[in-house]
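The values are calculated or read from the model by the stated rules, or taken from the named source; none is laboratory data. As the structure is a computational prediction, the values presented were derived from the model and not from experiment. A quick note on method: Cβ atoms are made from the backbone with ideal geometry, for glycine too, and the neighbour counts reach across all protein chains shown.
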Amino acid sequence: MLLGHVEPEVRDLWIREVIEAVVVGIDCLRVTLKVRRIRACRESLGDGPRSSSTPTPTPTPVPRCRYVPEVTHEPPGAAASEVERETLALQIEIKRHDGRHVLLHPNGQDLICKLDSLGRPEPSPHIVRAIGQAFALHGEVMKTGKPMEEVARALGMDPARGRQLHVLTHLSPAILKAALTGTLSPQVSLLDLRAAASELDWTLQASRLGMR
């Protein structure tokens, strides 16, 4: 059953129905599901094969986790109130990255792949903005021939910030494409990009960022 194939309102309703509890610990994320409600969801949404005349809804893009959690099954108890449950446990680390808190797998990879409305990877807004500012600054410097500090002030940018960002224009086309299309590793920060841009060799830039 794929909840991505139903309307967002129906999907969200069933998610609330099947989830009993979510516990975020220091090193583990646990989600407890009500098995009876999962079965009811399957029956309600018709989890069986579709006939050729039944149109297939367009899937709704949703964030996806790259890792498979550990699953623990808890059978129903003797009392009627004791329901059958399944608990999904995923090892995590919570760290601060580029001014925001991120949910990481112990190997350092981001657990959530953010998607846009079309289901494509979503780039980091502040990295996209920084690259845009860098090329806007570079373009004005080339067009006017004025000092970078003067152009930065005219663009409402602190000159020191302008010098820091301008180095991003030295990045390889492949790295820029990855940063602007959301395929760059979520572990790469703006500081990492600036450090990589100090290398003139594009192969060395990719190596510093863990790209092949």
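A compact table of results
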{"item": "Qualifying residue in the stretch 25-39 (condition: at pLDDT 85 or above, more than 30 Å from E93 (Cβ to Cβ) and surrounded by fewer than 15 Cβ atoms within 10 Å (Cβ to Cβ))", "result": "yes"}
{"item": "In the stretch 129-184, residue nearest to T203 (Cα to Cα) [restricted to those that are assigned to a loop (DSSP other than H, G, I, E, B) and in contact with a Leu (Cβ under 9 Å, 6 or more places away or on another chain)]", "result": "L171"}
{"item": "Matching entry among S185, S189, S198, S172 (being surrounded by 18 or more Cβ atoms within 10 Å (Cβ to Cβ) and in the same structural domain as L137 (by TED's automatic domain parsing))", "result": "S172"}
{"item": "In the stretch 185-200, the residues that are part of a helix (DSSP H, G or I) and in contact with a Leu (Cβ under 8 Å, 6 or more places away or on another chain)", "result": "D192, L193, R194, A196, A197"}
